[in-house]
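The values are calculated or read from the model by the stated rules, or taken from the named source; none is laboratory data. Keep in mind that this is a model prediction, so the values were computed, not measured. Note that each Cβ is placed from the backbone with ideal geometry, even for glycine, and that neighbours are counted across all protein chains shown. Just so you know, the surface numbers come from the protein's heavy atoms only, side chains and all, with ligands and any DNA or RNA stripped out. Shrake-Rupley method; radii C 1.70, N 1.55, O 1.52, S 1.80 Å.
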Amino acid sequence: MTEQEAFATLRRLADDETLKLGVNIRMMNSPGSPAFRRYESAIPIIGGLALSLGATSAVGWWLGAVVIVGFCIAWFGFLYPKVRDRVFERTVALALRSPRDFAALWKRGALSLHAGTEQCLSPRGDWIAFIAARA
């Protein structure tokens, strides 16, 4: 099976949801990644820290602590799950755009393939053989 045929089969299996793509979110949500967006990752954190420092200097350490705890709850409870989902969607869209993009992300170690309990992890796994076994 050629890479082009394997990629076409991969897209078909992903559309049928027979095969799931996994994404290394930490790798793809970092500067230099095509799925990274500074406005949704870095700027809110800098804003939360600046707000906490401002509250500390204006009122006192106790208000700064309350602000930073509130921001952490908002970030980990509400904001980061949305960021994680958006990074996942952008990465999958990029990976399924062309065989060249998929191969680049695979070699980088950003993707994995899952079919039931079996998985193929990048970059060491042979994704073409994994797809061929399910075609």
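With A14, A8, A35 as the choices, which residue is in contact (Cβ under 8 Å) with a residue 12 or more places away in the chain, of a type in the set (A, V, I, L, M, F, W, C) and over 30 Å from F71 (Cα atoms)? Full working, then the answer.
Values: A8 fails: in contact (Cβ under 8 Å) with a residue 12 or more places away in the chain; A35 fails: over 30 Å from F71 (Cα atoms).
The unique qualifying residue is A14.
Is there a residue being among the hydroxyl-bearing types (S, T, Y) and exposed (fewer than 12 other Cβ atoms within 10 Å of the Cβ) anywhere in the range 45-56? Break it down into steps so the answer makes sense when it comes.
Going through the range 45-56, the residues among the hydroxyl-bearing types (S, T, Y) turn out to be 52, 56.
Retained after the next criterion (residues that are exposed (fewer than 12 other Cβ atoms within 10 Å of the Cβ)): none.
Looking through the range 45-56, none of the residues is among the hydroxyl-bearing types (S, T, Y) and exposed (fewer than 12 other Cβ atoms within 10 Å of the Cβ).
For residues that are under 21 Å from the mean Cα position of the chain (by Cα) and open to solvent by 80 Å² or more (accessible area, probe 1.4 Å), tally how many sit in the range 119-132. Write out each step before concluding.
As a first pass, look at the range 119-132 and keep what is under 21 Å from the mean Cα position of the chain (by Cα): 119-125, 127.
Subset that is open to solvent by 80 Å² or more (accessible area, probe 1.4 Å): 119, 121, 124.
Count: 3.
Look through T56, T2 and report the one residue that is over 22 Å from Q119 (Cβ atoms) and in contact with a Phe, Trp or Tyr (Cβ under 9 Å, 6 or more places away or on another chain). Step through it out loud before you land on a result.
Working: T2 fails: in contact with a Phe, Trp or Tyr (Cβ under 9 Å, 6 or more places away or on another chain).
After ruling out the rest, the residue left standing is T56.
So G32 clears everything in (1) small (G, A, S); (2) within 30 Å of I128 (Cβ to Cβ); (3) surrounded by 11 or more Cβ atoms within 10 Å (Cβ to Cβ) except one condition, right? Which one?
Checking G32 against (1) small (G, A, S); (2) within 30 Å of I128 (Cβ to Cβ); (3) surrounded by 11 or more Cβ atoms within 10 Å (Cβ to Cβ), the one that fails is (3).
What number of residues within the range 81-120 are free of Cβ contacts under 8 Å to residues at least 12 places away in the same chain and in contact with a strand residue (DSSP E or B) (Cβ under 7 Å, 6 or more places away or on another chain)?
1
So R38 passes all but one of these: (1) among the charged types (D, E, K, R); (2) more than 25 Å from I131 (Cα to Cα); (3) open to solvent by less than 100 Å² (accessible area, probe 1.4 Å). Which condition number does it fail?
(3)
Residue-wise test of (1) modelled with pLDDT of 95 or more; (2) part of a helix (DSSP H, G or I); (3) charged (D, E, K, R).
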| site | (1), (2), (3) |
| --- | --- |
| E5 | no, yes, yes |
| E17 | no, no, yes |
| G32 | no, no, no |
| Y39 | no, yes, no |
| A42 | no, yes, no |
| I45 | no, yes, no |
| L49 | yes, yes, no |
| L53 | yes, yes, no |
| S57 | yes, yes, no |
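Out of curiosity, is W75 in contact with a Gly (Cβ under 8 Å, 6 or more places away or on another chain) and farther than 19 Å from T18 by Cβ?
Working: in contact with a Gly (Cβ under 8 Å, 6 or more places away or on another chain): yes; farther than 19 Å from T18 by Cβ: yes.
Criteria met by W75.
Give L113, L96 a once-over and let me know the one that is of a type in the set (A, V, I, L, M), within 22 Å of D16 (Cα to Cα), in contact with a Cys (Cβ under 7 Å, 6 or more places away or on another chain) and crowded, with 16+ Cβ neighbours inside 10 Å. Before the answer, list the steps.
Values: L96 fails: in contact with a Cys (Cβ under 7 Å, 6 or more places away or on another chain).
The unique qualifying residue is L113.
Which one is farthest from the chain's Cα centre (by Cα), of the residues in the range 15-29 that are crowded, with 17+ Cβ neighbours inside 10 Å and within 20 Å of Q119 (Cβ to Cβ)? Break it down stepwise before answering.
Restricting attention to the range 15-29, the residues satisfying the condition of being crowded, with 17+ Cβ neighbours inside 10 Å are 19, 21-25, 27-29.
Next, only the ones that are within 20 Å of Q119 (Cβ to Cβ) stay: 19, 21-25, 27-28.
On the way: L19: 18, L21: 11, G22: 9, V23: 5, N24: 6, I25: 3, M27: 7, M28: 5 Å.
The extreme case among them is L19.
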